[in-house]
1. Please list 42-49, 380-387 highest first by mean number of surrounding beta-carbon atoms within 10 Å per residue.
2. Note the full-extension length gain between residue 25 and residue 230 as 0.36 nm times their separation in residues minus their Cα-Cα distance, in nm to one decimal.
3. Show that you can apply the helix-only estimate: for the chain, add -39,500 (n - 2.57) for every DSSP H stretch of four or more residues, divide by all residues, and state [θ] at 222 nm to the nearest 500.
4. Taking only Cα atoms and a 10 Å spring cutoff, compute GNM fluctuations for the chain and point out the largest among 128, 56, 195.
5. Share of Cα-Cα pairs in region 304-403 beyond 23 Å, in percent?
6. Shape call for the chain from the C-alpha gyration tensor, a ≥ b ≥ c root eigenvalues: rounded (a/c under 1.5), prolate (a/b greater than b/c) or oblate?
7. Taking the highest mean first, how do the peptides 106-114, 77-85 order by number of other beta carbon atoms within 10 angstrom per residue?
8. In terms of the Cα gyration tensor, with a ≥ b ≥ c the square roots of its eigenvalues, is region 1-144 rounded because a/c is under 1.5, prolate because a/b exceeds b/c, or oblate?
């Protein structure tokens, strides 16, 4: 028996169907669809441009300009993110609380998100802004096709928003995978731990956009900045939430969560955040709690933890002592690797981590000390050809290497 859809679910389904958005299971299905809909030379140009982008030969802007050369092509290319749109729209449609009266969508691109918000909140005034003229052209055409009277689009660079809107203009400001691009969150500074990342000084030009957003958001408890960005590592999450903090936002941590989706079959996740205001130690703990929300972090012999879980387990394990550490300064300046052996009353930890985000923690009980020694020697042999190696057996010795 078919399960009856809620009104919110049906609204999202109807909107996706009107735009022809479909989450293809793999790349072959996606490209077959494009080839059926568009001229051969257009598809070939797209394939070549995406290849050149992956190889660093052309900028992201070249891809945006090409795919937004027509609304039809722009919507069909958006099928790559169709599952993200579906999950994101479902999240929005199921939110409780008063409906906003004036909404700003920053980095609106072809208007898919902005127009959805106009459908979801028909009594609201919805504005989409983007720095690309081709994006605004597509967005205007889309809203016309949908016969929306409560939405408008403006070509504005995001760091100039406060020059175009008065203070306290919007009840809701929304970004879906746009602010991280403008603020270059993909290029993180090198760091050894998330705590160290939070100690760094981020009062630079990247804060100007967030300060601008802060000034045009209404100053009351119901007004919100909702961001959903591609943040690849826990360090990026920490950087993003600290930048929000520095820009005067306050965060509803209880509502923060990951959206899980796929892009033509490839599994992805993006965090939704609703502002932030914490000092560094409180913020570090909140980042750890958020990253741990979907996981059970336990230690036992043979356990291997990676990425965020590795750092969280090691940092939050009490009464640990550093037994030995090795730092490898790679000769091609591609970063620095550390391999450390830590001991507690119950376990021995072998921790590999770099200052560009890599983390791996292996857990052994004390009876496996020979295995730890063997694996440590193998790692030294593996990495020694790639750079200068220094050893240390105390944290202060390690810090001296870091400051040298």
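Readers should treat all values here as calculations from the given coordinates under stated rules, not as data from a laboratory. All figures in this text were calculated on a predicted structure; none of them were measured in a lab. In this analysis, Cβ positions are derived from the backbone assuming ideal geometry, glycine residues included, and neighbour counts consider all displayed protein chains.
1. The peptides rank, most packed first, as 42-49, 380-387.
2. 71.7 nm
3. Mean residue ellipticity at 222 nm (helix-derived): -12500 deg cm²/dmol.
4. With Cα springs under 10 Å in the chain, the top fluctuation among 128, 56, 195 is at 56.
5. Details: 1047 of 4950 pairs.
Percent of Cα pairs beyond 23 Å in region 304-403: 21.
6. Values: a/c = 2.00, a/b = 1.72, b/c = 1.16.
In terms of gyration-tensor shape, prolate.
7. Values: 106-114: 26.2, 77-85: 20.7.
Descending packing order for the listed peptides: 106-114, 77-85.
8. Oblate, because a/c is 1.5 or more while a/b does not exceed b/c.
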